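Please treat every number below as a calculation from the coordinates, not as lab data. Since the structure is predicted, the reported quantities are computational estimates derived from the model, not experimental observations. A quick note on method: Cβ atoms are made from the backbone with ideal geometry, for glycine too, and the neighbour counts reach across all protein chains shown.
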Amino acid sequence: MSYQDILRDTLTALQFDADGINQIMSNSDSVTYGIITTILAGVASGIGSLSIISVFLSPIGFLLGAAINAGILHLLAKLFGGQGSFRDFFAVVSNAQLLLWLTIVPLIGPFLIAPLASLYLIAFTIFAIKTVYSLSVVKSILVFIIPFIIVGVIMGLLLIIFGSLLIGSLGLGALAAGA
């Protein structure tokens, strides 16, 4: 299948159509096309931000981010009993970066289109988890939000630790202890 075919299937999938997702998964070149789509999304984002450095760095960041995100969500989906593969999930979510091509519009792209597209992609990613891994909607939502909960807990603990260290280093330990 051609790149044009995968773009058509991706547009279908982005309409929350399981047939589009299944078409992407059945395409033997979908991972390669997903990598291309993600890199082009990074280039579009860089152009939209009017930053030469971003034109070169964003594609790398987008690709690494997509791979890491897919890997974490894949592991969680498997823990919840999901039946899909990393290859299929990465193919679907990396091709879905097609939506971020719209961020190429200078200034409007990064500040208006990107946040709206990101919200849409959150919902789509949950749908993709449900479809690729054959999980319930509730399990799919949990798979998606657990990493945020873990990061939130870690950040909260770090804030407490560093706050305590700051209070102690300023000699305010006695004041905090009520002495």
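Details
- Most fluctuating residue given options G152, G163, G46, as computed from a GNM of the chain linking Cα atoms under 10 Å: G163
- Extreme residue, positive dipole direction of the chain, given options V151, A66, A96 (C-beta unit charges): V151
- Estimated dipole of the chain in Debye, rounded to 20 [Cβ of Lys and Arg +1, of Asp and Glu -1, Cα centre]: 360 debye
- Computing FRET efficiency as 1/(1 + (r/R0)^6) for S51 and I154, where r is the C-beta to C-beta distance and R0 is 25 Å, gives about 0.25.
- Positive dipole terminus of the chain, leading residue within I36, F16, P115 (C-beta point charges): P115
- Centre-to-centre, using Cα atoms only, region 17-89 and region 90-147 are separated by 10 Å.
- Residues F111, F16, ranked from the fewest to the most other C-beta atoms within 10 Å, line up as F111, F16.
- Listed values (i) 16.3; (ii) 15.7; (iii) 17.9, entry calculated as Kirkwood radius over Cα pairs in Å: (iii)
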